[in-house]
Amino acid sequence: MDPQLGSSNQFKETWKHTLLLSFQSLGVIYGQLSTAPLYVFGTMIAEDIKSEETVYELFSCIFWTITIISLLKYAFIVLRADDNGEGGTFALYSLLCRHAKVGLLPNDTSANEVMHYETGSPFKIKVESRARRAIEKHKSSHYLMLFLALFGSCMTIGVGVLTPALSVYSVSSGVQRSMSDMAHLFSSSPRKQEAISNAFEKYVPVPTASAILVCLFTLQHYGTHKIGFIFAPIIVIWLIFIGGGGVYNIFHWNEQIIHAVSPMYMYRFVKNIEIKSWRSLGSIVLCVAGSEAMFADLGHFRKKSIKITFVCLIYPVLVLCYAGQAAYISKNLHVADFNHLSESIPHQIRHWFIALSLLASVVGSQATITASFSIINQCLALGCFPRVKVIHTSDRIHGQVYIPDINWLLMVLSLAVTIGFHDIMRIGSATGLAVISGMLVTTCLMSLVIALYWEKNLFESVCCLIFFGSIEVMYVSACMLNFHKGAWYLVVLLALSLTVMLSWHYGTKKKLEFDLQNKVSAEWLTDISPGLGVTRVPGIGFIYTDIVTGIPAFFSHFITNIPAFHQVLIFVSFKSLPMPYVPASRRYLIGRVGPKDLKIYRCVVRYGYCDPIRDTDNFEEQIISSIGEFITMEENEFESLNSSEGRMVVVGKPPADGSALIPLDETNSVEESVSLVSNIETQLAPMVADAVESGLGSVMRKKVRFMLPANSPKMRASVRDELQELIDARESGTAYFLGQVHLAVRDGSDVLKRFLIMTYAFCDKNCREPPVALNIPHAALVEVGMVCCI
């Protein structure tokens, strides 16, 4: 990777730090994989496990499924396809967007050279190949890739809903069975004992699971770092417990179970397949639930720490645990509830096991919740999810995020599954389908990454797709047999989340197209100003727009109706790039709009899909400092780009000669922005004057003041005067202009378009986060509305 574009998520990693992250990953990533034994055999129908030979075959399938999918596919192949330290389906999609022209995400295509301008950067498209040319040529393949990325993201969210319900309800059922075993302590009458057991079965599992789920989601605001330290010791004790229990069961019940690791037993299972045994595959696939989280949670940890933990600890312990449980089942087919993990634990310590499994089940849900936050954060930055508040919980690892609205939504949906189904087999059917569907999407995108990004030959890409894809398709077909037994709930979740994502993407794209079609040139402003009698008033005006060239339609609409604007105008555009991070030194592109004497600037703020750029409180000061740097650099031969509007300079590091503006200490003084009303010609209608006064005669709290640099007397007079004018404008006050394009459907539009626009409008209206989340004072904000008919 180019050092200029080094991820802000990277820092020197020592072995001590690797081991620390490995320890934390136990409590965040590997909770689900580690607690899967609670429900893999438990979700199988006991009547389908007919003989000892069947148990051997089932264990063989479990062993090879973990080995092929979790170990070979994810630990050794997929983890290598990180996007500058980020993982997940959208990370794979962003790699394809960046290294092949397949992107459909909303962007100003007329200014791609501005957005992707870097010297020696990874934005450069690689050498053309036959496969790349074929994919770039067919637009349908671009839509298919975007659909796969969104579909995989929806599956991750679905797993985030279902896995907490499954793991917690599984343990709650174990608590109920343990309490039922103690019914004799409450009464000596067999009838009363049966009544007490029935009462426990009816009233214990659901309330217990619901209470645990509420506690789990309430803890999320502490962030990955703290949760990892809280949960990791629990998983360490749990792994010791199930690993030791597995070894005990192997030697105590059936040492011959070790022979079942031979692929011959799996071959016999497939050879003698029938509907009932095929249906068992839907439960077996749960043994790899959590493997996708190894990749999706990559931004929270490091590749090395994740791989070391899995290969050296998680994989061998899980093999021992499943082998021990299979050894117990093979010799106890006559025992009630023989397929539940708690039954294979010696009776003397079973109550301790139940208590530990309660804690472990809470941890087991953490990986999927964290993965949901990561995926939604990526979708949000790339314009495929409605605006929600994202809280970055770590200063060192920016991929560690918490999204409050999504957290509570996941909690409500998980509670709905638990209360509505209250059946481990139904919840397991839906979870299995979600897990394997997400893995199948990763396989499809991974095969494209092998061909287009790694530039391996087509044969290797096809082999990866066929080998892993055929196994996962087999599991998908098995899960579909249980569609009527709970898997339908996943389809409902998929339909809802995919509708929201596609609608938001469609609406965002249409808004951008409207802006591009209705923008005006800088010459329009200079030509029309004399005719309208435009007045320039003291202060700075920030105009937030999605386009990076020209003047947005909403501002030209504002000028036409109210011919006045500030002495300094700054057009600010936020543009997400298909990469995780853009370093601060490469973040800003600054240029002019129109002649110098207009004092109109353009600032393009480029950020990655994991950058916390919009959480910055002092963003206004950063922009003004960047403008100051641009003014001092403009006359020199600095790195720049000649765009359609003129020269744009990459700004981020203060000049070495100390010619940048100097920020003073923060102040708490409250000053009033200079009102436009006093400078507007008296013939303007009072209604217009009132509107301007309410919008621009604002009161704001200033944070930072600026002064000229020490070497300002040596500067050119024109540069010094322009810097002084920028400082004076900053002292006079600031106003913010924000365009609001409201989408409307034309009469006669088809039903699908009408539905997408209505869904987008509903989400836009109910977003908890504003379009520009920069703590803009409401009194200084001017919103200009326009209607776009589609």
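The values are calculated or read from the model by the stated rules, or taken from the named source; none is laboratory data. Because the structure is a prediction, the values reported are computed rather than measured. Cβ coordinates were reconstructed from backbone atoms using ideal geometry, including for glycine residues, and neighbour counts include every protein chain displayed. Just the protein is used for accessible areas: all its heavy atoms, side chains included, with ligands, DNA and RNA removed. Shrake-Rupley method; radii C 1.70, N 1.55, O 1.52, S 1.80 Å.
Annotations for the structure displayed:
- Tabulated pairs, the stretch 410-423, first outside the structural domain of residue 204 (by the TED database), second open to solvent by less than 50 Å² (accessible area, probe 1.4 Å) and among the aromatic types (Phe, Trp, Tyr), C-beta under 6 angstrom, 6+ apart or interchain: none
- Of the residues in the stretch 514-527, at least one is at pLDDT below 85, out of contact with any helix residue (DSSP H, G or I) (no Cβ under 9 Å at 6 or more places or on another chain) and in a helix (DSSP H, G or I).
- From the options 346, 263, residue that is surrounded by fewer than 20 Cβ atoms within 10 Å (Cβ to Cβ), touching a residue at least 24 places away in the same chain (Cβ under 8 Å) and within 19 Å of residue 68 (Cα to Cα): 263
- Number of the condition not met by residue 771 [criteria: (1) in a helix (DSSP H, G or I); (2) modelled with pLDDT under 85]: (1)
- Screening the stretch 373-393 for residues that are of a type outside the set (A, V, I, L, M) and either open to solvent by 20 Å² or more (accessible area, probe 1.4 Å) or in contact with a Ser or Thr (Cβ under 6 Å, 6 or more places away or on another chain) (or both) and picking the one that is nearest to residue 233 (Cα to Cα) gives 393.
- Criterion: touching a strand residue (DSSP E or B) at 6+ places or on another chain (Cβ under 6 Å) and not polar (S, T, N, Q) - qualifying residue of 468, 514, 459: 514
- The set of residues in the stretch 551-595 being over 19 Å from residue 631 (Cα atoms), touching a strand residue (DSSP E or B) at 6+ places or on another chain (Cβ under 9 Å), open to solvent by 10 Å² or more (accessible area, probe 1.4 Å) and not in a helix (DSSP H, G or I) consists of 563, 574, 575, 576, 578.
- Candidates 94, 153: the one that is touching a strand residue (DSSP E or B) at 6+ places or on another chain (Cβ under 6 Å) and modelled with pLDDT of 80 or more is 94.
- Residue in the stretch 241-251 that is more than 34 Å from the chain's Cα centre (by Cα), open to solvent by 60 Å² or more (accessible area, probe 1.4 Å) and on the phi < 0 side of the Ramachandran plot present: yes
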